[in-house]
1. Report the residue count in segment 136-145 for those that are surrounded by 15 or more Cβ atoms within 10 Å (Cβ to Cβ) and among the hydroxyl-bearing types (Ser, Thr, Tyr).
2. Residues in segment 25-35: is at least one aliphatic (A, V, I, L, M), assigned to a helix (DSSP H, G or I) and crowded, with 16+ Cβ neighbours inside 10 Å?
3. If you go through segment 128-145 one residue at a time, how many are in contact (Cβ under 8 Å) with a residue 24 or more places away in the chain, in a helix (DSSP H, G or I) and not polar (S, T, N, Q)?
4. Conditions first: (1) surrounded by fewer than 22 Cβ atoms within 10 Å (Cβ to Cβ); (2) touching a residue at least 12 places away in the same chain (Cβ under 8 Å); (3) closer than 25 Å to residue 143 by Cα. Residue 21 passes all but one, so which condition is the exception?
5. Restricting to segment 70-108, name every residue that is without any contact (Cβ under 8 Å) to a residue 40 or more places away in the chain, surrounded by fewer than 18 Cβ atoms within 10 Å (Cβ to Cβ) and on the phi < 0 side of the Ramachandran plot.
6. Within segment 146-176, restricting attention to residues that are aromatic (Phe, Trp, Tyr), part of a helix (DSSP H, G or I) and without any contact (Cβ under 8 Å) to a residue 40 or more places away in the chain, which residue is surrounded by the most Cβ atoms within 10 Å (Cβ to Cβ)?
Amino acid sequence: MGILIHACCAPCLTYTYEYFKENFSEDPSVLWFNPNIHPFKEYEKRLGSLKKYQGEMDIEIIYKDNYDLENFLEGALGKNPRCQFCYRLRLSKAAEVAKENGFNAYTTTLTISPYQDHDLIKKIGREEGEKIGIEFIYVDLTDGFYKSHDIADEMDLYKQGYCGCIFSEMDRYKKE
């Protein structure tokens with residue numbers, strides 16, 4: 001069956017989806033699972049933007065619409081690096097959903113961002129895939145980061161100013 005793409009947001013999905021459609025699968029599918037996003041209004045904006053993109057592009061999206069901030073915070077606090085828990089939480093769910101739904105492999109839109117820890121994403125993605133027997137495809141898509149922003153602007157998709165978690169929101173506004 002192709003590849004499942006975990007999507008953190010619509011802007012990051014735009015370029016990532018086209019890349020994987022052209023290079024790996026005729027019809028990639030998408031997973032929405034992001035209990036890390038804070039505050040709840042931000043979560044709703046990103047989810048709404050993804051649904052808008054889905055409607056305009058006619059793509060298949062599996063929604064695991066579970067806003068579990070408490071679990072995320074309990075897991076993320078005290079982790080070093082702090083993104084480790086977040087990556088593992090989302091990539092383990094993506095691997096699970098991909099396996100359950102008969103996909104050959106899975107990946108994530110996180111690899112389009114120059115602000116993410118690509119080595120850690122690659123390591124965790126592969127570990128989670130190996131646990132249940134599904135391949136994690138890592139591709140550095142950072143060359144498409146600004147192109148994805150252009151596409152989002154053209155489609156009038158909501159673009160956020162931070163990764164999504166409460167810690168990245170703090171980093172955005174707290175300049176030292």
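1. 1
2. Initially, segment 25-35 is screened for residues aliphatic (A, V, I, L, M), giving 30-31.
Applying the additional criterion that residues be assigned to a helix (DSSP H, G or I) yields none.
No, there is no match, as no residue in segment 25-35 is aliphatic (A, V, I, L, M), assigned to a helix (DSSP H, G or I) and crowded, with 16+ Cβ neighbours inside 10 Å.
3. Just the residues of segment 128-145 that are in contact (Cβ under 8 Å) with a residue 24 or more places away in the chain, to begin with: 128-129, 131-142, 144-145.
So of that shortlist, the ones also in a helix (DSSP H, G or I) come out as 128-129, 131-132, 142, 144-145.
Add one more test, that the residue is not polar (S, T, N, Q), and what stays is 128-129, 131-132, 144-145.
The number of residues fulfilling the criteria is 6.
4. Just one mismatch for residue 21, condition (2).
5. 70, 71, 74, 75, 77, 79, 80, 81, 99, 100
6. The first filter runs over segment 146-176 and keeps only residues aromatic (Phe, Trp, Tyr), leaving 146, 158, 162, 167, 173.
Among the residues that remain, those that are also part of a helix (DSSP H, G or I) are: 146, 167, 173.
Those left that are additionally without any contact (Cβ under 8 Å) to a residue 40 or more places away in the chain: 146, 173.
Values: 146: 12, 173: 8.
Restricting to residues being aromatic (Phe, Trp, Tyr), part of a helix (DSSP H, G or I) and without any contact (Cβ under 8 Å) to a residue 40 or more places away in the chain, the top hit is 146.
Values quoted throughout were computed directly from the atomic coordinates according to the rules given, and no laboratory measurement underlies them. Nothing here was measured: the structure is a model prediction, and the numbers come from that model. Don't worry about glycine lacking a Cβ; one is built from the backbone with ideal geometry, like all the others, and counts go over all protein chains shown.
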